[in-house]
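Just below is one structure, and these are the notes that go with it.
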Amino acid sequence: MTGHEFERKIRRLGRLRGVAVSFDRGHGKGSHGRLYYGDRFTTLKDRTKEVGPSLLSVMLVRFPEIPEALTEGETEEEARTNAIDCVITALEGYMKAGRPIPRSSAPSPERDRAVLPSLVTAKLAVYETMRSRGWSKVKLAKELGVPENSVRRLLDLRHSSQMGVVDAALAKMNAELIIDLPTTRTRGRAA
């Protein structure tokens, strides 16, 4: 498939879905340019030549509730692995900025979903409880009788904290982590 054929297919898809499609020659040297599909884009080289297999085989992963998170993979497995890391990175940004953690919408049987590690989810519960109650790291550290850097580690989504520490932090704030039994997946796999 040439770049022109690829562009025509994307334009047709855009018309069907009501998404704006455009080609911007101003982004790129020579015959290179950006093909926009809504707010997403890819770079097309010489549109008269065959499109490289990597452009057609890349799986794009996005998260409607977390627009800052966007990743890809050349295989489904790679895309799933990258998706978890991407979401964790975006959530770390939310935490650093003091923003609320977005809640996922109801699971859709048409879409796969990323499932965060249990410890990450528990740490997000501590963060959200602190944020909603106006507790600082210093206050939680004082209540737990630990140095502030212990609370920083507790909130570090990539640090291997003990679940007992998570439970103790939530208990000090009169909160608890509710764990439910897993449900059967109806379609696809979770990342």
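Quick look at the numbers
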{"item": "Candidates A114, A106, filtered to the one that is surrounded by 15 or more Cβ atoms within 10 Å (Cβ to Cβ), modelled with pLDDT under 95 and within 23 Å of L70 (Cβ to Cβ)", "result": "A114"}
{"item": "Any pair with Cβ under 7 angstrom, 6 or more apart, that starts in region 68-79 at a residue that is within 19 Å of I101 (Cβ to Cβ) and ends at one that is of a type in the set (F, W, Y) and modelled with pLDDT of 75 or more", "result": "A69/F63"}
{"item": "Filter result (under 22 Å from G73 (Cα atoms), part of a helix (DSSP H, G or I) and modelled with pLDDT under 80) within region 4-59", "result": "P53, S54, L55, L56, S57"}
{"item": "Close pairs (9 angstrom Cβ cut-off, 6 or more residues apart or separate chains): hydrophobic (A, V, I, L, M, F, W, C) in region 1-18, part of a helix (DSSP H, G or I) anywhere", "result": "M1/K9; M1/L56; F6/L55; F6/L56"}
{"item": "Scan of region 125-171 for residues that are within 22 Å of P102 (Cβ to Cβ), in contact with a Leu (Cβ under 8 Å, 6 or more places away or on another chain) and polar (S, T, N, Q), ordered by number", "result": "T129"}
{"item": "Candidates T129, T121 - the one that is of a type outside the set (F, W, Y) and crowded, with 18+ Cβ neighbours inside 10 Å", "result": "T129"}
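The values are calculated or read from the model by the stated rules, or taken from the named source; none is laboratory data. Remember, it's a predicted structure, so these values are computed and weren't measured experimentally. Glycine also receives a Cβ, built like all others from the backbone with ideal geometry; neighbour counts cover every protein chain displayed.
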